[in-house]
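Everything below concerns the one structure shown next.
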Number of protein chains: 2
Amino acid sequence: MTKLLSLPAAELLDRFASPDPTPGGGSAAALAGALGAALVSMVCAMPKSRTGAAPERARLDAALAWAREAGQRLRALVEEDARAYDAVVAAYRLPKGTDEEKAARKAAVAAAMVGATEVPLETAEACLVVLKSAEEAVSHGNPNALSDARTGAALGWAGLVGAAENVRINAASLPDGGTTATFRVDAAVAEGRRRAEALGLPSTARSAAGPT
Amino acid sequence: MTKLLSLPAAELLDRFASPDPTPGGGSAAALAGALGAALVSMVCAMPKSRTGAAPERARLDAALAWAREAGQRLRALVEEDARAYDAVVAAYRLPKGTDEEKAARKAAVAAAMVGATEVPLETAEACLVVLKSAEEAVSHGNPNALSDARTGAALGWAGLVGAAENVRINAASLPDGGTTATFRVDAAVAEGRRRAEALGLPSTARSAAGPT
């Protein structure tokens, strides 16, 4: 199968718009996070920082490493989410004529749902790293790139919210009712909300803000 | 110049991460909106709706048309934002040795800033259409695709917030101080916030929600 991120970007958008089950919201959430990570990386990699102080440079270098690592992981998760959901679709299509077939199908669906929950959970957690690195870029990065850093933060938060939606819808089909996965994603969302609010997202958008 | 959306998606992400001034946050906001529009289109185009009632189908068909049109416009805005900001960079690089040169440079920067404000303003307004169509997809679309519709809404909102950041930072350089552009983007953000909150974004992410 062609890797999704090898497709021309316009064709990838067409694939998201197509009625095929994948790629869907989970892959889109990972892509949003990867795009946010790219913007944050750009700002952290700029030679100019807010004040030019050495400790500030060290913080931006650390944030750059986080953003790059999270971005690479999120690119892989774009693909993994599509594969995980393809496995769910394949399991649902198994025969269900006999009792044995029904039992095998049920087990296959349950096994596939574990993957389809775990992948967006990892996406949510990687998006949290994007938000964390965006905070550093906003606080310490080149003021001329403030809108890039803040857009990166908005994308990390959207990716986290989207991934959480996908965790919850799939976790509900797990044998344990998804308690563990839901607990983990709730923790990621709670921390993400705190960080997004600290950045004034989306509330900063309410008041007019000039360049810093 | 190669169109950004003709690049393989992974290479486009690399371009956002590169230290070059474009593509930056404005193009990323438009891309986020286009991705949201694609997810909403997918849900609205599904044969199955929430209840199967005819008026519901008509609403989804209308939302599909809005989402497709906004998505196409946002794809174009990915490119237009990069060109508009390239024009700003080119204007800043004009010579400023003599008084005439200084005056010409100042006029060129001001003219370029008009474009660099207008483009993200259109992005913000198109993202609002994505949010509006996402509401229809969430309320009336196939419940199995609810997480896709909600992820589309989160992306539309992130695109709107990111575009607004870019409008404000550029509008501040306009001759009128950006009053008109700021007024328009404030209106778009206020309506977007109302719609995002009505969808429980991001607050829905707070409470565990099973599939509907």
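Note the angle between two axes, namely the Cα long axis of helix A:179-198 and the longest principal axis of the Cα atoms of chain A, as a number of degrees from 0 to 90, rounded to the nearest 10. Its long axis makes an angle of about 20 degrees.
Among chain A residues, the beta-carbon with the smallest distance to the axis carrying A onto B is reported, with distance in whole Å, as A:158, 2.
Per-residue 3J(HN,Hα) values for segment A:109-119, derived from phi via the Karplus relation 6.51 cos²θ - 1.76 cosθ + 1.60 with θ = phi - 60°, read 4, 4, 5, 5, 5, 4, x, 6, 9, 5, 5 Hz in sequence order (x marks Gly and Pro). Each copy carries residue B:180; placing its label point 7 Å along the C-beta direction from Cα gives inter-copy distances of 6.0 nm, listed from smallest up. Can you work out the PRE-style zone for residue A:58? Point 7 Å along Cα to Cβ, and I want the residues of segment A:133-157 with backbone N under 13 Å. Within reach of a label on residue A:58: no residues.
Shielding of peptide A:26-34 by partners, expressed as the average count of other chain Cβ atoms within 10 Å per residue Cβ, is 5. Out of B:15, B:83, B:68, any idea which swings most in a Gaussian network model of chain B, alpha carbons joined below 10 Å? In this elastic network of chain B, the residue with the biggest mean-square fluctuation among B:15, B:83, B:68 is B:15. Taking amide H as placed 1.01 Å from N in the peptide plane, the amide H of residue A:141 sits under 5 Å from that of A:50, each at least 5 places away or on another chain.
May I ask you to compute the full-extension gain from residue B:7 to residue B:50, defined as 0.36 nm times their residue separation minus their alpha-carbon distance, rounded to one decimal in nm?
11.8 nm
Most fluctuating residue of A:156, A:200, A:141 in a GNM of chain A with Cα springs under 10 Å: which is it? Of A:156, A:200, A:141, the most mobile in the Gaussian network model is A:200. Taking amide H positions as modeled 1.01 Å from N, with prolines and chain starts lacking one, the residues under 5 Å from residue B:7 and 5 or more places away or on another chain are A:9. For peptide A:165-176, the mean count of partner chain Cβ atoms within 10 Å of a residue's Cβ comes to 4. Carbon-plus-sulfur accessible fraction, the protein assembly as shown (probe radius 1.4 Å, protein heavy atoms only): 57%.
Phi-derived couplings, Karplus 6.51 cos²θ - 1.76 cosθ + 1.60 at θ = phi - 60°, listed residue by residue for segment A:35-46: 5, x, 4, 5, 5, 5, 4, 4, 5, 5, 7, 5 Hz, with x used for Gly and Pro. Across the cross-link table entries A:48/B:106; A:102/B:132; A:48/A:132; B:48/B:132; A:3/A:96; A:106/B:48, which are compared at the Cα atoms, the separations over 30 Å belong to A:102/B:132; A:3/A:96.
With a 10 Å cut-off between alpha carbons and a GNM built on chain B, which of B:107, B:63, B:145 moves the most? Residue with maximal mean-square fluctuation among B:107, B:63, B:145: B:107. Across segment A:52-59, coupling constants 3J(HN,Hα) worked out from phi with the 6.51/-1.76/1.60 Karplus curve, θ = phi - 60°, read x, 6, 4, x, 5, 4, 5, 5 Hz, and Gly and Pro carry x.
Solvent-accessible area per residue in segment B:117-196 equals 28 Å², computed with a 1.4 angstrom probe and all protein chains kept.
In this assembly of identical copies, the label point of residue B:62 (Cα plus 7 Å along Cα-to-Cβ) is separated from its counterparts by 5.3 nm, sorted shortest first. Distances from residue B:51 to itself in the other copies, using label points 7 Å out along the Cα-Cβ axis, amount to 6.0 nm in increasing order.
Let me know the mean shielding of B:37-47 by other chains, meaning the per-residue number of their Cβ atoms within 10 Å of its Cβ.
5
The values are calculated or read from the model by the stated rules, or taken from the named source; none is laboratory data. Note that this is a predicted model, so its numbers are computed, not measured. Note that we place each Cβ from the backbone using ideal geometry, even for glycine, and neighbour counts take in every protein chain shown. Just the protein is used for accessible areas: all its heavy atoms, side chains included, with ligands, DNA and RNA removed. Shrake-Rupley method; radii C 1.70, N 1.55, O 1.52, S 1.80 Å.
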